[in-house]
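Asks: Below: one structure in structure tokens.
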Amino acid sequence: MDEGLMKTYTRADEVFVAGRGAVLQDSTGREFLDFLAGIAVSALGHGHGALTAALRDQVGRIVHLSNLFRHPYTEQVATRLCRLTDMAAAFFTNSGTEGVECALKLARKAMHNRGTPQRTSFVALEGGFHGRSLGALSLTWNEKYRKPFVPLQQVTWVAPEDTQALARVLQTEQPAALVIEPIQGEGGIRELSEAFLRAARELCTSTGTILVHDEIQSGCGRTGRFLAAQAASVVPDVVVLAKPIGAGLPMGVCLANAALADTFSKGEHGSTFAGGPLVCRAALVFLDEIDRGLLGNVQDRGRQLRAGLEQLQREFKIVREVRGRGLMLGLRLHHSAEQVQKALYRSGLIVNCTATDVLRIVPPFVVTSAQIDQAITQLRATLATFPTTEPPARKVST
């Protein structure tokens with residue numbers, strides 16, 4: 001298996017060939033309930049009718065142009081995203097990581113334009129994950145990702161919720177930007193408090209630091225609001241989106257406020273493939289579904305799923321905590337989440353583990369009430385096979 005591929009992924013043996021909504025089917029005909037959605041990507045699930053029709057139509061017209069030429073959909077997607085995020089301008093990318101890279105360059109160039117070119121460093125939070133390219137990797141907390149590739153961009157990390165430490169670092173180090181995830185995905189579905197998000201906004205404003213929100217995983221409606229930070233009424237200077245926005249196609253975007261919208265000069269940033277007609281058609285289908293009330297289903301199914309997980313917490317001592325909002329939820333365990341995840345997969349429920357002790361549960365936005373009930377039933381049956389007493393104290397994510 002994996003002949004001809006670099007060995008960068010640990011992959012399951014099954015070969016998936018079809019899907020419908022939140023259900024995947026492998027080459028043997030077996031069906032799996034997909035509560036991972038391509039790692040929080042496939043918001044419209046699999047085999048979505050309107051998406052299929054739009055992409056078939058576009059493939060028969062124009063697939064690629066480059067950004068040297070115009071097509072009908074670029075401005076439509078950009079202006080709708082700006083309206084939904086309170087931003088002023090968009091730069092399209094092919095991934096979330098590329099969106100983070102754009103944000104870092106934007107912050108550095110802004111400092112150059114302000115006459116403070118010495119402000120080249122960044123501040124990020126412990127537990128954060130922002131990607132694996134060299135700039136984004138610099139911000140990623142887990143040393144196992146960074147160690148083989150040092151030296152990297154200068155970054156100082158601050159513990160989540162430590163407002164005093166954040167204030168001290170921003171005031172003394174004068175970085176170009178603070179980059180944070182309102183809900184840390186790879187960090188264990190760890191939600192930052194509204195108070196901390198507001199404090200970070202105030203501190204960035206007072207110190208002239210650009211505030212970048214990485215909402216690659218928490219954004220585009222996964223929490224029931226278009227941006228997770230909107231629940232705290234916090235507007236960053238820059239926000240990075242990806243995952244759901246292309247409805248499964250590779251797409252990201254870096255959005256900037258009015259003060260930063262004209263930071264780049266022509267030729268200072270670019271991408272051959274980004275923002276092409278095919279992915280923009282996909283994004284328009286996704287945004288149309290948002291306008292038709294898709295986030296209502298996210299809110300309803302999120303409440304249902306959380307209630308089910310909280311009931312499991314009451315039933316099983318192995319469950320330590322329920323985390324997250326909307327359809328971005330985590331089940332923190334007193335046990336290896338990987339072992340539980342593998343058992344769930346054998347039962348036909350797809351989730352994954354993050355931060356060693358958290359099951360990440362991020363189903364498509366189109367998931368049904370019956371499918372939520374089915375997932376809770378499978379979780380209950382699987383958790384019942386694991387020890388119910390707490391193991392000896394050990395270090396777990398906080």
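The values are calculated or read from the model by the stated rules, or taken from the named source; none is laboratory data. Everything numeric in this text was worked out from a predicted model, so none of it was measured. With ideal geometry, Cβ positions are generated from the backbone for all residues, glycine too; neighbour counts draw on all protein chains shown.
Asks: Within the stretch 74-94, track down each residue that is surrounded by 20 or more Cβ atoms within 10 Å (Cβ to Cβ) and part of a loop (DSSP other than H, G, I, E, B).
Replies: Filtering the stretch 74-94 for residues surrounded by 20 or more Cβ atoms within 10 Å (Cβ to Cβ) gives 77-78, 81, 84-85, 87, 90-94.
Scanning the stretch 74-94 gives M87, N94.
Asks: Only one residue in S42, S66 is assigned to a loop (DSSP other than H, G, I, E, B), in contact (Cβ under 8 Å) with a residue 24 or more places away in the chain and assigned by TED's automatic domain parsing to the domain that holds D237, so which one is that? Can you show your working first?
Replies: Numbers: S42 fails: assigned by TED's automatic domain parsing to the domain that holds D237.
Residue meeting the stated conditions: S66.
Asks: Only one residue in V322, V298, V366 is within 27 Å of I245 (Cα to Cα), touching an Asp or Glu at 6+ places or on another chain (Cβ under 7 Å) and modelled with pLDDT of 95 or more. Which one?
Replies: Values: V298 fails: touching an Asp or Glu at 6+ places or on another chain (Cβ under 7 Å); V366 fails: touching an Asp or Glu at 6+ places or on another chain (Cβ under 7 Å).
Selected residue: V322, the only one of V322, V298, V366 that is within 27 Å of I245 (Cα to Cα), touching an Asp or Glu at 6+ places or on another chain (Cβ under 7 Å) and modelled with pLDDT of 95 or more.
Asks: Does A307 meet the test of being of a type in the set (A, V, I, L, M) and within 23 Å of G99 (Cα to Cα)?
Replies: Details: of a type in the set (A, V, I, L, M): yes; within 23 Å of G99 (Cα to Cα): no.
So A307 fails the test.
Asks: Regarding the stretch 45-59, can at least one residue be identified that is in a loop (DSSP other than H, G, I, E, B), modelled with pLDDT of 95 or more, surrounded by 19 or more Cβ atoms within 10 Å (Cβ to Cβ) and among the small types (G, A, S)?
Replies: Yes: the stretch 45-59 contains one or more residues that are in a loop (DSSP other than H, G, I, E, B), modelled with pLDDT of 95 or more, surrounded by 19 or more Cβ atoms within 10 Å (Cβ to Cβ) and among the small types (G, A, S).
Asks: Oh, and also: Which condition number in (1) of a type outside the set (S, T, N, Q); (2) under 18 Å from F365 (Cβ atoms); (3) outside any strand (DSSP E or B) is the one that L33 fails?
Replies: Unmet for L33, out of (1) of a type outside the set (S, T, N, Q); (2) under 18 Å from F365 (Cβ atoms); (3) outside any strand (DSSP E or B): (3).
For every residue, the table says whether it meets (1) of a type in the set (G, A, S); (2) over 20 Å from G326 (Cα atoms); (3) crowded, with 24+ Cβ neighbours inside 10 Å.
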| site | (1), (2), (3) |
| --- | --- |
| L178 | no, yes, yes |
| L203 | no, yes, no |
| H213 | no, no, yes |
| Q217 | no, no, yes |
| R225 | no, no, no |
| Q230 | no, no, no |
| I245 | no, no, yes |
| G248 | yes, no, no |
| G252 | yes, yes, yes |
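Asks: Can I ask one more? Which of the residues spanning the stretch 175-215 are of a type in the set (V, I, T) and in contact with a Gly (Cβ under 8 Å, 6 or more places away or on another chain)?
Replies: Our first condition is that a residue be of a type in the set (V, I, T); within the stretch 175-215, this holds for 179-180, 183, 189, 205, 207, 209-210, 212.
Within the stretch 175-215, V179, I180, I183, I189 meet the criteria.
Asks: Could you list, in sequence order, all residues of the stretch 304-335 that are without any contact (Cβ under 8 Å) to a residue 40 or more places away in the chain and under 18 Å from Q378 (Cα atoms)?
Replies: Within the stretch 304-335, R306, A307, E310, Q313, R314, V322, L333 qualify.
Asks: Filter the stretch 95-110 down to the residues that are among the small types (G, A, S), in a helix (DSSP H, G or I) and over 20 Å from R225 (Cα atoms) and list them by number.
Replies: G99, A103, A107, A110
Asks: Consider the stretch 210-240. How many of its residues are assigned to a loop (DSSP other than H, G, I, E, B) and over 12 Å from the mean Cα position of the chain (by Cα)?
Replies: Number of matching residues: 8.
Asks: Using the structure shown, decide if G135 is under 22 Å from N352 (Cβ atoms), touching an Asp or Glu at 6+ places or on another chain (Cβ under 8 Å) and surrounded by 15 or more Cβ atoms within 10 Å (Cβ to Cβ).
Replies: So G135 fails the test.
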